[in-house]
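Just below is one structure, and these are the notes that go with it.
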């Protein structure tokens, strides 16, 4: 008495595994794009509306290579810090934004400015300019560390915080004062 | 053996007397058949299985012959189809089906009895065969094939048994302690084998008939499990209403065969499924989900059987819906779980640090705790100036330490639990040894100083430093100065 013939059983199981891989890959590929701001009202609104969260504003152009690298890191870590930070991009080529560019004295791109509860947070990273972060971050973790330090300092009521990164990771730049 | 033969002959005499009685009472009623069987069972000890007909009476009974005839007829002609009574039980075809079910159960019992008979006879020839081949029909076939043959290489068991079992059988036959049977016993055994095979084929016929009618008898059940399995389930349960009354867990194991393991481990594949194993749904599920599939199949088929028993849904739509439900559930089990989204980091300092307590922490804290001595030194008595290490209020104040008013007579300077620097510990040990009554023989009160040469009282000790060589070389608390690895 022979047992009844079995159909090829592992096929549906393999199909299930394949489905899972495709779905995971697809979910990793998509990411919510960071909001790009071009108008003064938008910037005002976002600064005023972000409550109890660090606001990271990147000033730069999408054509710049450094800017793109920084944007990549910002996009990847935006979800991780989403509970205590918001990230937004400001396009520096738009006219209305020039007010802010002049106010913050932004000459080199990309530059990142940090806010907390509509208050401008300063970051002492060993460079000459404490009001902003110039250049790109070496790693996603570096950016997360900086945001965390800013958050902790701000929650304690500090106006300026000390950068936790080692000096090798901090991009160096020359400050020109009135073309001297 | 002679005495055994004599007893056999004596029983034969007994038997012929009994047979005369039994032949008379061989009637049409099933009830009488049962009585006969009871009497047979009672007489079996004395009869000693010598004649097959005294043991297996079913094939000669009228009931059996009637039903077989009806089945043959029904298999021949086409089914009517339309005429069905509102109550299932009134339908003549259903009655036939019920009878067939009952008959198939009876035939199975009969086969078991005949199998016992064959076994007992064949035990003298090949005892181990009964444990190697469990199934009665297979056993009958094998016995018929082997016959009285001693050399199993001349016997071709291909197709009767799986090849592993054939091998085991051939090997066991070489070492069996049985002897060939006498001619008449052999004849009787072969007759019994034929009887068993006849009964088996009759049962198959009955089941085929039931299966072909299953679509009209139990449409919902056959929609789920298929008509063959439905027929088998009904046959084993003994009718549709009996099947409907069974709880689903019983339906799951209807028809579960005891497998002959022949040395294989019984730890693997312990699925509790009977006839349901042969259903299409069960065969097509992946092995990991088979046990769950078996359970859900049993549950839904029991529901369908209950619907059929009350003739609630003659068209079978209920059964189809249940089948669809089962299919959907099995598919859902095979879905991969939802992918884990990477969690965003928690807000810094939002979760307070969990301070752990417990015995371990307490023991750790004891090592750095404030000692009693230090506590006393921290307090001061009112009105009395405290003593200090350098005197006159300079240096460390001693507080209540050593004061007359303090309660303690003695205060241990260093409790055992405190953590002490190892160099300080060594110095303390030496100081204790130096002041102790029992000193080692290696110590001497003489000190060798560069200025005076030998001095009785050590000038360095006054300064609080021991003599260099004395304190290290002859020191009790010292270790080996030079260790060489061999």
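The values are calculated or read from the model by the stated rules, or taken from the named source; none is laboratory data. Just so it is clear, the model here is predicted, and its values are computed rather than measured. Every residue, glycine among them, receives a Cβ derived from its backbone with ideal geometry; neighbour counts consider all protein chains shown.
Brief remarks follow.
- In the range A:41-158, counting only helices (runs of 4 or more DSSP H) that sit wholly within it, the ones holding 1 or more residues that are over 17 Å from the mean Cα position of the chain (by Cα) and farther than 30 Å from residue B:341 by Cα span A:98-103, A:140-156.
- For the range A:75-89, the tally of residues that are within 7 Å of chain B (Cβ to nearest Cβ) and more than 19 Å from residue B:351 (Cα to Cα) stands at 1.
- Close pairs from the range B:233-248: first on the phi > 0 side of the Ramachandran plot, partner in a helix (DSSP H, G or I) and at pLDDT below 85, Cβ under 8 Å, at least 6 apart: B:238/B:101; B:238/B:102; B:238/B:105; B:239/B:98; B:239/B:101; B:239/B:102
- Criterion (closer than 23 Å to residue B:97 by Cβ and not assigned by the TED database to the domain that holds residue B:93) met by exactly one of B:226, B:294: B:226
- When residue B:401 is tested against the conditions (1) surrounded by 14 or more Cβ atoms within 10 Å (Cβ to Cβ); (2) modelled with pLDDT of 85 or more, the lone failure is (2).
- Here residue B:133 fulfils each of the conditions (1) out of contact with any strand residue (DSSP E or B) (no Cβ under 8 Å at 6 or more places or on another chain); (2) surrounded by 14 or more Cβ atoms within 10 Å (Cβ to Cβ) apart from (1).
- Scanning the range B:289-299 turns up at least one residue that is in contact (Cβ under 8 Å) with a residue 40 or more places away in the chain, part of a helix (DSSP H, G or I) and within 14 Å of chain A (Cβ to nearest Cβ).
- Selection count where residues are surrounded by fewer than 19 Cβ atoms within 10 Å (Cβ to Cβ), assigned to a helix (DSSP H, G or I), within 14 Å of chain A (Cβ to nearest Cβ) and free of Cβ contacts under 8 Å to residues at least 40 places away in the same chain, scope the range B:139-177: 1
- If the condition is being modelled with pLDDT of 90 or more and in contact with a helix residue (DSSP H, G or I) (Cβ under 7 Å, 6 or more places away or on another chain), then the range A:119-132 contributes A:121, A:123.
- Checking each residue in the range B:277-322 for being surrounded by 21 or more Cβ atoms within 10 Å (Cβ to Cβ), more than 18 Å from residue B:234 (Cβ to Cβ) and over 26 Å from the mean Cα position of the chain (by Cα) picks out no residue at all.
- Conditions (1) away from chain B (no Cβ under 14 Å); (2) out of contact with any helix residue (DSSP H, G or I) (no Cβ under 7 Å at 6 or more places or on another chain); (3) surrounded by fewer than 19 Cβ atoms within 10 Å (Cβ to Cβ); (4) touching a residue at least 12 places away in the same chain (Cβ under 8 Å): number failed by residue A:102: (4)
- Where residue A:13 falls short, out of the listed (1) more than 9 Å from chain B (Cβ to nearest Cβ); (2) at pLDDT below 90: (1)
- Boolean, residue B:344 is surrounded by 12 or more Cβ atoms within 10 Å (Cβ to Cβ) and either assigned to a helix (DSSP H, G or I) or touching a helix residue (DSSP H, G or I) at 6+ places or on another chain (Cβ under 8 Å) (or both): no
- Qualifying positions in the range B:342-369 - under 42 Å from the mean Cα position of the chain (by Cα) and either touching a residue at least 60 places away in the same chain (Cβ under 8 Å) or at the interface with another protein chain (Cβ under 8 Å from one of its Cβ atoms) (or both): B:342
- Residue match in the range A:111-119 (condition: under 14 Å from residue A:150 (Cβ atoms) and within 14 Å of chain B (Cβ to nearest Cβ)): yes
- Taking (1) within 14 Å of another protein chain (Cβ to nearest Cβ); (2) surrounded by fewer than 10 Cβ atoms within 10 Å (Cβ to Cβ) in turn, residue B:335 satisfies each apart from (2).
- Conditions (1) modelled with pLDDT under 90; (2) on the phi < 0 side of the Ramachandran plot: number failed by residue B:303: (1)
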